[in-house]
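Here is the structure we will look at, set down as structure tokens.
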């Protein structure tokens, strides 16, 4: 029993490790640095709600794509075509909305995304072409299709129906009050569930942290009554993130998806329909991209045929910053969104500090490589860490006596 | 038999008291002495796991011996890498031939040669000389990917010759060859040996071939040399006896619990898969354990995969409890089939996942609310139940499976299927890489499945194990079921003989036909 508890403790500590929570630390550090820097250079307050809402709004489209990209990456694949598919979705929506109205335009745009996702998935999973090549092909071909459809000109619509989606915002009147209540309720739920599970009062560090933060927010709400306007895309981003997180974390679908990415052969032999999951992720990715395209089109009421080109790389950078493995089997949509936020915070910070946009690409690239380096090194030492774990008194329990068995060894070494 | 007799003379290579202990403590070779005389074909045989592979790897420099010495032409040598052995003149040709498929025969033959310049004409002439010397014709400019497996084997031998190898080690060279291709390889081997420049160490499961081709034979058993003889003086029976040893078999296969009237749970009819499985039909009753006996690459795993629907090219009929099974793993699992695959880490487990998640994967929908949201408590409960029932040694269900020992990891694979609605177990080498204690437990578990009325198909290359557990044994050779025996009426000797294709002539008359079951 005592080993059991000790072991669980070690595992929970792992949850706060650099490998698992590094992107959160990076996010907080960056926020703190930028706050201090803006304060020193006595410019506008970095943590001003309007600036934060601004960052959220800027990140929202890429963040939405980062969510579906993470799902594709977890399944062990890759989708480069999202930028082009988004542009196509936007173009279709805009060109149809005047004549057929919003519902038809939206449905047609989303359907185009689904169809392209299906094509990607079938080519990868059924024909068996490498996902990188397939989606590089659709990236190029769909961009070409957009050029054909728009005749290489910016197209616009009379109707401004989509701009509601993009430009309006919903306001939370008493941010701190609402946030405080939400945090306290979530913390209480977590504690109750964990206690029921363990049949005793169980105060996990993260739920305590949440509760304290919630109470602090509640207390603060008596002194300041902020209201906070967040754009619709921001709400979509967080809503979608929450939904996909729930699916991945708590459903059979999510478990199967991680299994497919972790070891497709083992999943297949366990009766998981691997093809369905792999194709499904591409469909989800196409659908999300088309939705993002509609939002993008709504922002300006017009779309340029080269819109959103190169977005796929930013999206991938966000997912990688969030610690998603390119080999499949691991990743978290929440962390990918935080990774995306980091990228846009950097851009925003450079803006506010007047550091010149020239440095931005260099810094972002370095940040990406450093993050990937930290993950790789942390992964390696985690494997080593298991050895330490064995040495920490658990070794006898973990190991079985290996007796002399020639039959076993030479066979094992051959196959 | 084929070449001139070799008297004493200095051996080309000699192993003295060579021992190999693997880092995990398993002893693969215990004091092996071996002398290979120059210009001879030396056979090496042994049951699965006798230590043949280890011996080959040590000779080829891929493994270092733990103790003992190797003498090459009378000089003591120490090879740390395959390159060391290659420079000395040893070439090893493994079953999976290491040629670059995209390059031409010419480029493959010259692979690993030093120097900067390649003049095709000069090299072509060199290769033509070699080809005419050995009397073999092949277009040197054809890419290797266009060659048959037999031709690739020939290219590998030629490659060894081009590198000036004096000792060529061939590990199961004919396992995947057609009969005509075999003849080709044999002819080349004999001729090179007769020319007196090359020595062969020939490792094979096919005893017939070994008797046919070699001058001397060394028999390994449990990491020791148990016999070394002139092939000419040797009979098939002596060879098998040396391989198997005279052991007391612990046969505990009691009477089939269901008997003859138990319902048929698994029915396989005319299962066929191109180049893998040839017209396989059999039935298994409730409570019955049927063994599939066959050597490496005999097609035994392929049969299981074909039954399970994991082989998309397989055709044929599979019924579980009378109902046809759809041809996919998803359908197979739903119909009540379970496959415990041969390669645990690659096919059976998700390495990074904790024990509990691996166990609940195949039956997750039943452990979930509304079939959608897995219930943590139920999953934990099942994992804990499995851990205590199978005695999986680990501090908690949260331990990732890649930190478990082989035996414990295998038990986790079993646990995946134990509590689901499984009717038929297909077990592929369930005791490989498992230590003695865990092996006994796994065998007991298999018996328990049968007692609970399940049908079990068990593949194993350790025939002793099949004899101890199964009631009926089907012998597999080259993708086909060549014989059927009741475990109580056969012996390890007979199974080895049948599985190595020695009794092929007798097969048509001697083996029991299979249809009397259904």
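The values are calculated or read from the model by the stated rules, or taken from the named source; none is laboratory data. None of the values given here were measured: they were computed from a predicted structure. With ideal geometry, Cβ positions are generated from the backbone for all residues, glycine too; neighbour counts draw on all protein chains shown.
Could you say whether any residue in the range B:439-450 is within 11 Å of another protein chain (Cβ to nearest Cβ) and within 24 Å of residue B:501 (Cα to Cα)? Checked against the condition, which is being within 11 Å of another protein chain (Cβ to nearest Cβ) and within 24 Å of residue B:501 (Cα to Cα), the range B:439-450 yields no hits at all. Of the helices (runs of 4 or more DSSP H) entirely within the range A:225-273, those holding at least 2 residues that are within 18 Å of the chain's Cα centre (by Cα) occupy A:232-250, A:252-262. Here the condition is being surrounded by fewer than 19 Cβ atoms within 10 Å (Cβ to Cβ) and in contact (Cβ under 8 Å) with a residue 40 or more places away in the chain; of B:99, B:103, B:131, it holds for B:103 alone.
Within the range B:228-244, the residues that satisfy the criterion of being surrounded by fewer than 14 Cβ atoms within 10 Å (Cβ to Cβ) and outside any strand (DSSP E or B) are B:232, B:233, B:235, B:237. Put simply, of A:229, A:221, A:207, A:202 the only residue that is in contact with a helix residue (DSSP H, G or I) (Cβ under 9 Å, 6 or more places away or on another chain) and within 14 Å of another protein chain (Cβ to nearest Cβ) is A:202.
The condition (being on the phi > 0 side of the Ramachandran plot, buried (at least 16 other Cβ atoms within 10 Å of the Cβ) and either in contact with a helix residue (DSSP H, G or I) (Cβ under 9 Å, 6 or more places away or on another chain) or in a helix (DSSP H, G or I) (or both)) is satisfied by just one residue among A:76, A:90, A:83: A:76.
Flag not set for residue B:475, criterion: surrounded by 24 or more Cβ atoms within 10 Å (Cβ to Cβ), within 21 Å of residue B:295 (Cβ to Cβ) and modelled with pLDDT under 85.
Of everything listed in (1) at pLDDT 95 or above; (2) closer than 30 Å to residue A:327 by Cα, the single unmet condition for residue A:145 is (2).
The test for being within 9 Å of another protein chain (Cβ to nearest Cβ) and within 15 Å of residue B:268 (Cα to Cα) does not hold for residue B:306.
Taking the criterion of being assigned to a loop (DSSP other than H, G, I, E, B), touching a residue at least 12 places away in the same chain (Cβ under 8 Å), under 22 Å from residue B:446 (Cα atoms) and facing chain A (nearest Cβ under 10 Å), would at least one residue in the range B:396-413 satisfy it? Yes, the range B:396-413 contains at least one residue that is assigned to a loop (DSSP other than H, G, I, E, B), touching a residue at least 12 places away in the same chain (Cβ under 8 Å), under 22 Å from residue B:446 (Cα atoms) and facing chain A (nearest Cβ under 10 Å). Residues in the range B:178-214 that are part of a loop (DSSP other than H, G, I, E, B) and either surrounded by fewer than 18 Cβ atoms within 10 Å (Cβ to Cβ) or not assigned by TED's automatic domain parsing to the domain that holds residue B:94 (or both): B:178, B:196, B:197. Inspection of the range B:111-118 identifies at least one residue that is surrounded by 12 or more Cβ atoms within 10 Å (Cβ to Cβ), closer than 29 Å to residue B:58 by Cα and more than 24 Å from the chain's Cα centre (by Cα).
The condition of being touching a helix residue (DSSP H, G or I) at 6+ places or on another chain (Cβ under 8 Å), at negative phi and in contact (Cβ under 8 Å) with a residue 12 or more places away in the chain holds for only one of B:424, B:456, that being B:456.
When you check residue A:312 against the structure, is it in a helix (DSSP H, G or I) and either at pLDDT 95 or above or more than 10 Å from chain B (Cβ to nearest Cβ) (or both), yes or no? Yes. Within the set A:6, A:13, the sole residue that is modelled with pLDDT under 90, surrounded by 14 or more Cβ atoms within 10 Å (Cβ to Cβ) and over 27 Å from residue A:169 (Cβ atoms) turns out to be A:6. Just so you know, in the range B:17-69 the residues that are at pLDDT 85 or above, over 21 Å from residue B:80 (Cβ atoms) and within 13 Å of chain A (Cβ to nearest Cβ) include one that is farthest from the chain's Cα centre (by Cα), and it is B:31.
Looking across B:329, B:354, B:362, B:341, one residue alone is assigned by TED's automatic domain parsing to the domain that holds residue B:275, buried (at least 17 other Cβ atoms within 10 Å of the Cβ) and at pLDDT below 95. It is B:329. Restricting attention to the range B:197-218, the residues being modelled with pLDDT of 85 or more and within 14 Å of chain A (Cβ to nearest Cβ) number 1. Within the range B:133-172, track down each residue that is modelled with pLDDT under 85 and more than 28 Å from the chain's Cα centre (by Cα). Hits for the range B:133-172 are B:133, B:134, B:135, B:136, B:137, B:162, B:163, B:164. Residues of the range B:295-310 that are on the phi > 0 side of the Ramachandran plot and in contact (Cβ under 8 Å) with a residue 40 or more places away in the chain: B:297, B:299.
For the range B:352-369, state whether one or more residues are within 24 Å of the chain's Cα centre (by Cα), under 29 Å from residue B:323 (Cβ atoms) and without any contact (Cβ under 8 Å) to a residue 12 or more places away in the chain. Within the range B:352-369 (the criterion being within 24 Å of the chain's Cα centre (by Cα), under 29 Å from residue B:323 (Cβ atoms) and without any contact (Cβ under 8 Å) to a residue 12 or more places away in the chain), the answer is no, since none of the residues qualifies. The strands (runs of 3 or more DSSP E) found entirely in the range B:282-363 that carry 2 or more residues being closer than 21 Å to residue B:432 by Cα are B:289-293, B:337-340.
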